[in-house]
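Here's the structure, in structure tokens; my notes come after.
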Amino acid sequence: MEFLLSANTVALPEIGRDLGFASTGSLQWVATACLLPTASLLPLFSRVSDLVGRRRLFTTGVALFTGFSLLAGLATGPAMLIVARVGQGASAAMIAPTAIALMTTVFPEGPQRAKALGVNGAVLSLGFVLGTLGGGVITSGLNWRWTMLILVIIGALVLVGATTVLPKTTDTRAPARLDIAGAVLASIGLFALVYGISTGAAAGWNSASTLGSLALAAVSLTTFLLLERRHAAPLIPLGLLNKPTVKWSGLIGFITLGMCGGTTVLLSLYMQDVLGYSPLATGTGFLSEGITAFVAGLLAARLIDALGKVGAMTTGLVVQGFGTAAMFLLPEGGGLALLLLTSGAMGFGHVLTVVSFITTLTSGLRDDEQGIAAGLSQLPQFIGAIGTAGLAAIATARAKALSATGPTLATLGGLHTAMLTAGIVCIAGALLAVLFLRRPTAETH
């Protein structure tokens, strides 16, 4: 998923030229068409994985994702590509929660599970590096279609591995019915929320479409929660949602993912609009973030064992927070060493926090709760777009206030303010973890 998002962001301009997209606005649907179904269908497929078997749903999702990636790589026009991207997004909603649930089921709670989740975080970080750097190389030297066709090869390999390596015991099923009404309300609410956030900046935050989407999200999700309180077999059991380790670590996940995702966008703007980097050079500029994130994934299990889950989570947020806040010092020209140092600290702290919060969220739960818990652990990645939108709004407002200083300095001032804000939010998140998660049940290894 990391490779899919980052590689295609780099390739967007060539996709637009090759397939004849009408405008830059319509081109953004290449990304949005994949994001919306993933976010809105996560709760549904998280619960379905508990009912039909995680191995079965995972292999189905990988097979569909591979097929839709092939369709995207062979697209002859915008409509065909958008349909393929919707299919990729829906398939990813099957894969994301079941991949985590399979790890938390196969590996017992403790160091083995933390190590497995850490390796998963390292692989995702590697996907980010390959996506940002490889996307530029592929687009420059080959063709944007290869960003999709490579996914076909990866999908085929994963499918072979899943069918031959995953034990059939992971296909255990929970004896319960699917909450159809809850699934519909959750999907509508999340779709409207992510749509409103994703398109709000372009359409205008006060526009009818944005306000209507956010209002629909509020009504749907509120009705969903009220319905779940009375349902005999709810899509998301509120008792699970109210567990301190679930709700507070989920909030920490939202903070770290929202602030890191938003700051990564700000860094891209800094490198291109302030320093004048090319897209390929910008991808190279993210190497430090990706490499340190990869290292954090490999070290996460040891750090969790030494510091405890909450200690590692707090440490990660503090490192991410100070690394992000220090970007306030990034200069108008030069400053490569500071850029690599601060983005590297952010990447390391972020992945350590991600592994720690998922380990915490999935601990102390029954096997039949792991599917929905895995879905909840993935949801902050998508609603974290709220953080990206918020930081972008701060940067825009501050740049507008500094417009008299010239376009470059005004842009830099806006980015500085948003980066400092992101750092402060991360440090506030670390305080929340200390206050609400540092209990004996949360500290067991």
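The values are calculated or read from the model by the stated rules, or taken from the named source; none is laboratory data. Treat the numbers as computed from the prediction; the structure is a model and nothing was measured. Note that we place each Cβ from the backbone using ideal geometry, even for glycine, and neighbour counts take in every protein chain shown.
Here T292 passes the criteria (1) more than 21 Å from T315 (Cβ to Cβ); (2) among the β-branched types (V, I, T); (3) without any contact (Cβ under 8 Å) to a residue 60 or more places away in the chain except the one numbered (1). May I ask you to verify whether T405 is surrounded by fewer than 24 Cβ atoms within 10 Å (Cβ to Cβ) and either among the polar types (S, T, N, Q) or at pLDDT 85 or above (or both)? Here the answer is yes, as T405 does meet what is asked. For T245, the criteria (1) more than 30 Å from E332 (Cβ to Cβ); (2) of a type in the set (V, I, T); (3) over 21 Å from the mean Cα position of the chain (by Cα) hold in every case but one, which is (3). Look at the range 152-167: where a residue is more than 15 Å from T66 (Cα to Cα) and in the same structural domain as R85 (by TED's automatic domain parsing), no partner that is modelled with pLDDT of 85 or more and surrounded by fewer than 12 Cβ atoms within 10 Å (Cβ to Cβ) sits 6+ places away or on another chain with Cβ atoms under 8 Å.
Here G311 fits the description: within 27 Å of I252 (Cβ to Cβ), modelled with pLDDT of 90 or more and not aliphatic (A, V, I, L, M).
Which one is surrounded by the most Cβ atoms within 10 Å (Cβ to Cβ) among residues in the range 390-402 that are over 26 Å from the mean Cα position of the chain (by Cα) and either of a type in the set (A, V, I, L, M, F, W, C) or within 15 Å of A202 (Cα to Cα) (or both)? Outline the logic, then answer.
Of the range 390-402, the ones over 26 Å from the mean Cα position of the chain (by Cα) are 398-402.
Within this subset, residues satisfying the condition of being either of a type in the set (A, V, I, L, M, F, W, C) or within 15 Å of A202 (Cα to Cα) (or both) are 399, 401-402.
Numbers: A399: 21, A401: 13, L402: 18.
Per the stated criteria, the residue is A399.
Each residue in the range 65-80 was checked for being touching a residue at least 40 places away in the same chain (Cβ under 8 Å) and more than 22 Å from the chain's Cα centre (by Cα), and 7 pass.
Among the residues of the range 380-389, is any assigned to a helix (DSSP H, G or I), modelled with pLDDT of 95 or more and either within 18 Å of the chain's Cα centre (by Cα) or not assigned by TED's automatic domain parsing to the domain that holds I100 (or both)? Looking through the range 380-389, none of the residues is assigned to a helix (DSSP H, G or I), modelled with pLDDT of 95 or more and either within 18 Å of the chain's Cα centre (by Cα) or not assigned by TED's automatic domain parsing to the domain that holds I100 (or both).
Can you tell me which residue among T222, T245 is out of contact with any Lys or Arg (no Cβ under 9 Å at 6 or more places or on another chain) and of a type outside the set (A, V, I, L, M, F, W, C)? Write out each step before concluding.
On the way: T245 fails: out of contact with any Lys or Arg (no Cβ under 9 Å at 6 or more places or on another chain).
That would be T222, the only listed residue that is out of contact with any Lys or Arg (no Cβ under 9 Å at 6 or more places or on another chain) and of a type outside the set (A, V, I, L, M, F, W, C).
Where helices (runs of 4 or more DSSP H) fall wholly inside the range 189-269, the ranges with 1 or more residues that are of a type in the set (S, T, Y) and over 29 Å from V310 (Cα atoms) are 208-230, 244-269. Taking into account only those residues within the range 143-162 that are touching a helix residue (DSSP H, G or I) at 6+ places or on another chain (Cβ under 6 Å) and not hydrophobic (A, V, I, L, M, F, W, C), which is modelled with the highest pLDDT? It comes out as G155.
Looking at the range 187-231, which of its residues are of a type in the set (A, V, I, L, M) and under 16 Å from P37 (Cβ atoms)? Talk me through it step by step, then tell me what you get.
Within the range 187-231, the first condition is being of a type in the set (A, V, I, L, M), and the residues that meet it are 188, 190, 192-194, 197, 201-203, 208, 211, 214-219, 221, 225-227.
Residues satisfying the conditions are I188, L190, A192, L193, V194, I197, A217.
Selection of first residues in the range 199-214 that are modelled with pLDDT under 90 and of second residues that are among the β-branched types (V, I, T), restricted to Cβ pairs under 7 Å at least 6 apart or on distinct chains, gives the following pairs, ordered by first then second residue: T199/T210; G200/T210; A203/T210; G204/T210.
I'd like to check something: does the range 362-369 contain any residue that is more than 21 Å from L269 (Cα to Cα) and in contact with an Asp or Glu (Cβ under 7 Å, 6 or more places away or on another chain)? Please lay out each step first, then the result.
Start the filter on the range 362-369 by keeping residues that are more than 21 Å from L269 (Cα to Cα), which leaves 362-369.
If we keep only those that are in contact with an Asp or Glu (Cβ under 7 Å, 6 or more places away or on another chain) too, we end up with 363, 368.
Yes - at least one qualifying residue is present in the range 362-369.
Scan the range 30-47 and give yes if some residue there is over 22 Å from F382 (Cβ atoms), part of a helix (DSSP H, G or I) and in contact (Cβ under 8 Å) with a residue 12 or more places away in the chain, otherwise no.
The first filter runs over the range 30-47 and keeps only residues over 22 Å from F382 (Cβ atoms), leaving none.
No, there is no match, as no residue in the range 30-47 is over 22 Å from F382 (Cβ atoms), part of a helix (DSSP H, G or I) and in contact (Cβ under 8 Å) with a residue 12 or more places away in the chain.
On inspection, G347 fails the criterion of being surrounded by fewer than 24 Cβ atoms within 10 Å (Cβ to Cβ), in the same structural domain as L267 (by TED's automatic domain parsing) and touching a residue at least 40 places away in the same chain (Cβ under 8 Å).
Return a yes/no flag: does the range 254-264 have any residue that is in contact with a Cys (Cβ under 7 Å, 6 or more places away or on another chain) and under 22 Å from G413 (Cα atoms). Checked the range 254-264: at least one residue is in contact with a Cys (Cβ under 7 Å, 6 or more places away or on another chain) and under 22 Å from G413 (Cα atoms).
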